[in-house]
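Trainee: Before I ask anything, let me first share the structure, which is written out below as structure tokens.
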Ligand code: AMP
């Protein structure tokens, strides 16, 4: 699927249950769990279960069903924490300019307080 995918990244280990996570919800193609170093009262990561390095690889290679259920899970996290009215922020970091640390595509869902300006 993607030759440069590192099977030893921490999210791959979480998906193989080698490392624990605080799971929020999941569906057939994606799982949502708490970020280990939360930057806001709500900080959840949504990741696809299949191995994609970043946003571009995910959108290029994922099936329509996979794309659909991934973004549905992001929406379900927002509903789960009832933050649709007060608001939230979605972030995906990619590559060196994006300062992506974990090379498995993920979306950060942040909320629970006023998050200030996008980039300080
Ligand atoms: P990024 O810089 O976008 O790659 O963000 C990676 C995120 O993964 C950071 O917010 C980390 O706090 C988070 N993280 C790293 N290891 C774990 C883990 N074992 N469980 C949950 N979140 C993690």
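Trainee: Taking a label point 7 Å from the Cα of residue 72 along the Cα→Cβ vector, which residues of segment 4-27 have an amide N closer than 16 Å to it?
Mentor: 25-27
Trainee: Between segment 31-60 and segment 72-120, how far is it from one alpha carbon centroid to the other, in angstrom?
Mentor: Computed from Cα coordinates, the inter-centre distance equals 9 Å.
Trainee: How far apart, in nm, are two points set 7 Å out from the Cα along the Cα-to-Cβ line at residue 34 and at residue 9?
Mentor: 2.4
Trainee: Okay, next question. Calculate how steeply helix 64-80 sits against the longest principal axis of the alpha-carbon atoms of the chain, using the helix alpha-carbon long axis, and give the answer as 0 to 90 degrees to the nearest 10.
Mentor: Approximately 30 degrees, to the nearest ten.
Read-outs: derived from the displayed coordinates by stated rules, not from any lab. All figures in this text were calculated on a predicted structure; none of them were measured in a lab. Note: ideal-geometry Cβ built from the backbone for every residue, glycine included; neighbour counts use all protein chains shown.
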